[in-house]
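> My structure is below; once you've seen it, I'll send some questions.
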Amino acid sequence: MIKTVPTTPFEGQKPGTSGLRKKVSVFQQPRYLDNFVQAIMDSLEGTAGQTLVLGGDGRFYNREAIQIVIRMAAAKGFGRIVVGRGGILSTPAASNTIRKLGAYGGVILSASHNPGGPDGDFGIKYNIGNGGPAPEKITDAIHARTLTVDRLVYVDTPDIDLNALGDFPVGEAIVSVIDPVADYQVLMESLFDFDRIRALFASGFRMRFDAMSAVTGPYATAILEGALGAAPGTVINGTPLPDFGGHHPDPNLVHAKDLYDLAMSPDGPDLCAASDGDGDRNLIIGKGQFVTPSDSVAILAANAHLAKGYAGGIAGVARSMPTSAAADRVAKAKGIAIYETPTGWKFFGNLLDAGLVTICGEESAGTGSDHVREKDGLWAVLLWLDILATRRQSVAEIVREHWATYGRNYYSRHDYEEVEAAGANAMVTELRAKLPGLKGQRFGGLEIADADDFAYHDPVDGSDSRNQGIRILFTEGSRLIFRLSGTGTAGATLRVYVDRYVADAAQHGLDTQEALSDLIALSHEIGGIERHTGRKTPSVIT
Ligand code: G6P
Ligand code: ZN
């Protein structure tokens with residue numbers, strides 16, 4: 001029943017921040033996905049009889065890809081391949097299922113928040129047995145194998161029906177099609193007080209959750225409207241569509257503008273929230289109050305003990321380097337550890353496994369905890385709900401009180417999307433060369449205290465990751481960070497992150513872009529952004 005087909009390598013199959021991500025048309029080339037899956041399989045040892053979890057965000061090409069992975073995983077000798085019905089598993093649900101079943105690992109098919117459909121993006125990543133994204137050692141090995149792969153090995157079988165629950169034999173393996181929501185819902189019930197949140201909704205609290213026609217629809221509908229009694233219609237765009245209804249499933253102020261406008265209207269809901277293509281990102285907007293992802297992780301860390309899953313307190317907090325330092329203030333006040341990691345959820349895995357941190361977050365709208373090894377959009381929404389249900393204050397009140405207690409980090413990210421890679425790379429090279437001379441330089445009222453290219457030493461496995469972003473640190477505590485995105489699929493995306501700490505509560509009501517204007521102007525001067533990219537202004541500001 002085994003079929004072996006010769007192949008030759010494709011260039012460019014190097015996993016980025018979160019797996020291999022390319023245009024659908026690239027993945028549709030004969031043998032392209034197969035080569036990468038074979039490289040994953042060839043990099044794994046001791047898989048005989050083990051369990052592999054498999055699912056995706058339902059985007060275009062998901063179902064075809066699932067069939068390919070099933071045939072190759074069965075040929076590899078996996079004993080059980082657990083697939084979400086319809087090929088659906090949100091990224092955090094996949095992480096949970098891997099952990100719950102004690103699986104060997106998982107394959108997740110998603111390009112996260114990138115657009116879908118035949119002209120959109122597709123992606124694939126491998127997660128290890130702790131439920132988290134494979135560390136660089138493994139993704140490097142997979143990449144190395146893509147350069148030499150010479151044969152593809154499949155179990156020769158017709159397509160599996162992904163719509164029916166149950167067990168089906170494929171060669172020597174069993175494919176188990178499971179309900180994608182059930183186990184995840186049980187996990188959420190173990191962390192949060194569903195009765196308390198139900199009482200909040202019963203008291204007239206109104207919410208709108210935009211699933212963006214992506215994977216969280218079934219999860220949000222079952223949990224918010226089903227288990228928690230939120231009014232029917234609370235979840236919008238709740239059916240996963242292969243092209244996400246033509247929308248860009250990135251829950252930010254640009255792509256969820258309608259939701260933002262609703263939250264800002266005087267009779268809008270008490271809470272507006274959204275999640276991305278694969279369900280790991282979150283957007284939180286209270287009535288009249290957007291919560292930046294960096295503030296959200298700080299506020300969740302400060303209040304997590306109110307939820308039963310974290311009642312014993314949290315061990316520590318981790319944030320990615322470009323994320324604002326708001327969480328650092330909370331950690332300091334609580335006397336717990338704060339870790340600063342490179343961009344990419346995979347860097348949190350070791351810290352979580354070692355019990356060094358409980359809550360993690362990134363400026364890119366990811367927040368999560370040690371309940372899984374991925375960020376988790378719906379989890380963040382439920383933790384917010386549990387906090388709101390306990391404190392019985394509005395989102396705006398909670399945010400303002402938080403700033404009054406800890407100070408406010410004004411924070412913004414300016415993205416220059418799809419610029420020419422050569423210019424972007426030249427800019428980074430030039431900045432790197434400038435670094436040693438920057439220390440001590442003054443620009444108006446700003447003085448540079450330090451400047452470096454961020455490097456991370458993992459305290460658990462001792463590995464080092466270098467060149468993770470240019471940091472310019474000012475004596476007043478502000479930061480300017482330049483970094484190239486690792487998730488784009490066209491050209492290069494330059495990200496400029498701007499962070500300013502203001503302790504004085506009288507200064508907490510300013511417009512963010514105004515509060516940061518001198519730093520933003522300086523980013524152009526120091527970076528030579530226009531000279532290198534041809535752009536005067538960013539394409540997206542978040
Ligand atoms: C994905 C990763 C995140 C990361 C984000 C932004 O969502 O899972 O960990 O923060 O991409 O990455 P980028 O390289 O585009 O800034
Ligand atoms: Zn995502």
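> Kindly provide the set of residues from the stretch 252-270 that are surrounded by fewer than 24 Cβ atoms within 10 Å (Cβ to Cβ) and farther than 30 Å from Gly123 by Cα, ordered by number.
Asp261, Leu262, Met264, Ser265, Pro266, Asp267, Gly268, Pro269, Asp270
> Tell me yes or no: at least one residue of the stretch 356-368 is over 30 Å from Asn237 (Cα atoms) and either within 16 Å of ligand 2 (Cβ to nearest atom) or within 12 Å of the chain's Cα centre (by Cα) (or both).
The answer is no; no qualifying residue exists.
> What number goes with the only condition from (1) within 16 Å of ligand 2 (Cβ to nearest atom); (2) surrounded by fewer than 17 Cβ atoms within 10 Å (Cβ to Cβ); (3) among the aliphatic types (A, V, I, L, M) that Leu109 does not pass?
(2)
> Which ranges mark the helices (runs of 4 or more DSSP H) fully within the stretch 131-242 that have 2 or more residues being within 29 Å of Phe347 (Cα to Cα)?
Numbers: elements: 136-146, 182-191, 194-202, 216-220.
Result: 136-146, 182-191, 216-220.
> Which residues, counting only those in the stretch 409-435, are more than 24 Å from the chain's Cα centre (by Cα) and either in the same structural domain as Lys332 (by TED's automatic domain parsing) or surrounded by fewer than 19 Cβ atoms within 10 Å (Cβ to Cβ) (or both)?
Applying the first criterion (more than 24 Å from the chain's Cα centre (by Cα)) to the stretch 409-435 yields 420, 422-423, 425-435.
Correct list: Glu420, Ala422, Asn425, Ala426, Thr429, Glu430, Arg432, Ala433, Lys434, Leu435.
> When you look at Pro240, is it under 24 Å from Asp278 (Cα atoms), of a type outside the set (Lys, Arg) and in contact with a Gly (Cβ under 8 Å, 6 or more places away or on another chain), yes or no?
Working: under 24 Å from Asp278 (Cα atoms): yes; of a type outside the set (Lys, Arg): yes; in contact with a Gly (Cβ under 8 Å, 6 or more places away or on another chain): yes.
Yes: the conditions hold for Pro240.
> Another question about this same structure. For the stretch 402-419, which positions are touching a strand residue (DSSP E or B) at 6+ places or on another chain (Cβ under 9 Å) and among the β-branched types (Val, Ile, Thr)?
Step one: filter the stretch 402-419 for residues touching a strand residue (DSSP E or B) at 6+ places or on another chain (Cβ under 9 Å), giving 402-403, 407-419.
Scanning the stretch 402-419 gives a single hit, Val419.
> Could you look through the stretch 465-502, keep only residues that are in a strand (DSSP E or B) and of a type in the set (D, E, K, R), and pick out the one that is farthest from Thr343 (Cα to Cα)?
Quick first cut of the stretch 465-502, residues in a strand (DSSP E or B) only: 465, 470-474, 479-484, 492-502.
Now restrict to residues that are of a type in the set (D, E, K, R): 471, 479, 483, 495, 499-500.
Values: Arg471: 13, Arg479: 16, Arg483: 10, Arg495: 12, Asp499: 16, Arg500: 19 Å.
Within the stretch 465-502, the match that is farthest from Thr343 (Cα to Cα) is Arg500.
> Now for a separate question. Could you identify the single residue in Thr97, Thr91 that is β-branched (Val, Ile, Thr), over 16 Å from Ile124 (Cβ atoms) and surrounded by 24 or more Cβ atoms within 10 Å (Cβ to Cβ)?
Details: Thr91 fails: over 16 Å from Ile124 (Cβ atoms).
The conditions single out Thr97.
> Is the stretch 332-355 home to any residue that is surrounded by 24 or more Cβ atoms within 10 Å (Cβ to Cβ) and more than 14 Å from ligand 1 (Cβ to nearest atom)?
no
> Between Ala451, Ala506, which is assigned to a helix (DSSP H, G or I), hydrophobic (A, V, I, L, M, F, W, C) and free of Cβ contacts under 8 Å to residues at least 24 places away in the same chain?
Details: Ala451 fails: assigned to a helix (DSSP H, G or I).
Selected residue: Ala506, the only one of Ala451, Ala506 that is assigned to a helix (DSSP H, G or I), hydrophobic (A, V, I, L, M, F, W, C) and free of Cβ contacts under 8 Å to residues at least 24 places away in the same chain.
> Report, by residue number, each residue of the stretch 241-251 that is touching a His at 6+ places or on another chain (Cβ under 8 Å) and buried (at least 22 other Cβ atoms within 10 Å of the Cβ).
If we filter the stretch 241-251 for residues that are touching a His at 6+ places or on another chain (Cβ under 8 Å), which is where we start, we get 247-251.
Matches in the stretch 241-251: Pro249, Asp250, Pro251.
> So the check is Cβ under 7 Å with 6+ separation or different chains; which pairs have a first residue in the stretch 373-391 that's within 26 Å of Ala354 (Cβ to Cβ) and assigned to a loop (DSSP other than H, G, I, E, B) and a second one that's within 16 Å of ligand 1 (Cβ to nearest atom) and aliphatic (A, V, I, L, M)?
Matching pairs, first to second residue: Arg373/Leu352.
> Being surrounded by fewer than 24 Cβ atoms within 10 Å (Cβ to Cβ), at pLDDT 95 or above, away from ligand 1 (no atom under 13 Å from the Cβ) and within 28 Å of Arg196 (Cα to Cα) is the requirement here; does Ala304 meet it?
Details: surrounded by fewer than 24 Cβ atoms within 10 Å (Cβ to Cβ): yes; at pLDDT 95 or above: yes; away from ligand 1 (no atom under 13 Å from the Cβ): yes; within 28 Å of Arg196 (Cα to Cα): yes.
Judged against the criteria, Ala304 is a match.
> Could you pull out the residue among Ala220, Ala199, Ala182 that is hydrophobic (A, V, I, L, M, F, W, C), surrounded by 22 or more Cβ atoms within 10 Å (Cβ to Cβ) and either out of contact with any strand residue (DSSP E or B) (no Cβ under 6 Å at 6 or more places or on another chain) or not assigned by TED's automatic domain parsing to the domain that holds Asn96 (or both)? Break it down stepwise before answering.
Working: Ala199 fails: surrounded by 22 or more Cβ atoms within 10 Å (Cβ to Cβ); Ala182 fails: surrounded by 22 or more Cβ atoms within 10 Å (Cβ to Cβ).
That would be Ala220, the only listed residue that is hydrophobic (A, V, I, L, M, F, W, C), surrounded by 22 or more Cβ atoms within 10 Å (Cβ to Cβ) and either out of contact with any strand residue (DSSP E or B) (no Cβ under 6 Å at 6 or more places or on another chain) or not assigned by TED's automatic domain parsing to the domain that holds Asn96 (or both).
> Which residues, counting only those in the stretch 10-50, are among the polar types (S, T, N, Q) and within 16 Å of ligand 2 (Cβ to nearest atom)?
Start the filter on the stretch 10-50 by keeping residues that are among the polar types (S, T, N, Q), which leaves 13, 17-18, 25, 28-29, 35, 38, 43, 47, 50.
Scanning the stretch 10-50 gives Thr17, Ser18.
> Still on this structure, I have one more. Keeping to the stretch 124-152, report how many residues are within 23 Å of Val177 (Cβ to Cβ) and surrounded by fewer than 19 Cβ atoms within 10 Å (Cβ to Cβ).
Adding up the residues that qualify gives 1.
> Determine if the stretch 255-270 includes at least one residue that is over 26 Å from His371 (Cα atoms) and either part of a strand (DSSP E or B) or within 16 Å of ligand 2 (Cβ to nearest atom) (or both).
The initial filter retains those residues of the stretch 255-270 that are over 26 Å from His371 (Cα atoms), namely 255-270.
Filter again for either part of a strand (DSSP E or B) or within 16 Å of ligand 2 (Cβ to nearest atom) (or both), leaving 255-256.
Checked the stretch 255-270: at least one residue is over 26 Å from His371 (Cα atoms) and either part of a strand (DSSP E or B) or within 16 Å of ligand 2 (Cβ to nearest atom) (or both).
> Then there's this: Condition (residue is within 16 Å of ligand 1 (Cβ to nearest atom) and of a type in the set (A, V, I, L, M)) applied to the stretch 13-32: is it met by at least one residue?
Within the stretch 13-32, one or more residues are within 16 Å of ligand 1 (Cβ to nearest atom) and of a type in the set (A, V, I, L, M).
The values are calculated or read from the model by the stated rules, or taken from the named source; none is laboratory data. Everything quoted here is computed from the prediction, not taken from an experiment. Using ideal geometry, Cβ is built from the backbone for each residue, glycine included, and neighbour counts are taken over all protein chains shown.
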